1. Go through 398-407, 215-224 and give me the packing order, highest mean Cβ count within 10 Å leading.
2. With all protein chains present, calculate the accessible area of ILE242 using a 1.4 Å probe and round the result to the nearest 10 Å².
3. What relative contact order, as a whole-number percentage, does segment 1-150 give when Cα pairs under 8 Å and 6 or more residues apart are counted?
4. With all protein chains present and a 1.4 Å probe, how do GLU254, GLU212 order by accessible area, largest first?
5. Need one value: the accessible area of HIS371 in square angstrom, 1.4 angstrom probe, rounded to the nearest 10.
6. With the full set of protein chains in place, find how many percent of the accessible area of segment 59-191 is carbon and sulfur; take the probe as 1.4 Å.
7. Ignoring ligands and nucleic acids, what accessible area does SER56 show with a 1.4 Å probe (Å², nearest 10)?
8. Regarding segment 18-134, what whole-number volume in Å³ per residue does the convex hull of its Cα atoms give?
Amino acid sequence: MKEEINTVGSRPSRLRAALRSLREDLLTVRWDPLPRLTRPRWLAWLPHLLVGYLASLLSSVVVAQVSGHYQVDGFLPGLLAVLTGVSILVAMFWPILGWWLALGAAAGIAVVIHPHVMPGQPWPWMPIGVFAFAPVVLLVALRMPSRVTAAVVGITVVVSAVAELNFGPPVGSSSTLTESVLVLGFTGVLGYSLRALRLARGRLVEQETLTEAERAQRTLLEERSRIARELHDVVAHHMSVISIQAQVAVHLAENPSEELKENLAGIRGNALEALTELRRVLGVLRSEHPDDPANPHHPQPTLAELDALVANVRAAGLRVTTEVAGEARALSPGVELTAYRVVQEALSNCLRHAPGSRVEVGLAYGPHTLHLCIANSAPTRSAPPSPGAGHGLLGMRERAGMLGGELAAGPRPGGGYEVSVVLPLDPPTDALAKESRDR
């Protein structure tokens, strides 16, 4: 019973709140300009120009009908015509203020022509009156909520109906009530529909933008997860080597002291504990189903397998040449893996986006850096549409940046595309030390 009383009691409060909100909307002078066209840009102001032209045209028709049809002399016809046109222009930027001006202009015209109405002539609207008022209603409906549009149409129709029923000329004037209801009602519905369509398109564009950003972020996170899985293998290998070396070192020394034995045992214990924690935290990143026998663990590839990778790409129909400068030598596992993955991704992009092109893969071993360059010529045939997300460069940049390297990619002057990477062969110890101090 209390719930029923509270519900009934809350209805008047909600109604008062709705009426208060509607009153504030009808008395606002908030700046709300008519949206410009976004495409093409050179037609951005076309709606404003059309509304301005319509305002001047309707003003000329209003002054012609007030002075010609209703035989009103003096400056009032011109003044009311200008006010009618100005109300349309104002409604482009202040819709509610424009509506009040248009309502005042319509009321002024009805008062001025009232003594001059002849039998058969319409009143309070002139023949052009309701059509000159309709653009203002349309401009209101394009920017304001539906409740405000309904209130604007309803108040206008009610005011004209009250004027016609209570202050109509004594002669038999023609009724304009039906005409005003049909024209203004249709205009309000049209404006509401266009506004709803514009808002729906805006939400669709916003959703597409968010979807693209989420897709890029998801691709980046997937690539980072892949990098984490591969780094897990590299770090786990080194930790295993440390553990084995600590276990064997005690047997390589003659008469090792108890202190040395304890230190080596501690090193081995810490290495095994770190390896266990590493596998516990990062082991699940190997695959979505780590315990699935269909996804066995494999050694991570190195540059020693680059020839096999190039052979596979050649078998797919791509002409690839390789060139190695400097003394090829074994590098750290992280550099080997990153270099291999960058070449792999670049060759995959050539297969997808540059079919029939010639690809040159260059490796230059320097004393402190490894230079990679994968360049392709212009494709000889059009590439089929790719279902991928198109964010492979993000992963390559992540890999190069993780080692303190740099990556540059872009079109070549003569056609084609080029990816250039510089990887340091030694880890940036200064940066790592600084990071450790900051932490």
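The values are calculated or read from the model by the stated rules, or taken from the named source; none is laboratory data. Note that this is a predicted model, so its numbers are computed, not measured. Here Cβ is always computed from backbone atoms with ideal geometry, including for glycine, and neighbour counts include all displayed protein chains. SASA here: full protein model, heavy atoms, side chains in, ligands and nucleic acids out. Shrake-Rupley method; radii C 1.70, N 1.55, O 1.52, S 1.80 Å.
1. Working: 398-407: 17.8, 215-224: 14.4.
Peptide ranking by packing, descending: 398-407, 215-224.
2. The value for ILE242 is about 70 Å².
3. Once divided by the residue count of segment 1-150, the mean separation gives 24 percent.
4. Numbers: GLU254 170, GLU212 80 Å².
Sorted by accessible area, descending: GLU254, GLU212.
5. Accessible surface of HIS371 is approximately 80 Å².
6. 77 percent
7. Answer for SER56: close to 70 Å² accessible.
8. Considering the Cα atoms of segment 18-134, their hull volume per residue is 126 Å³.
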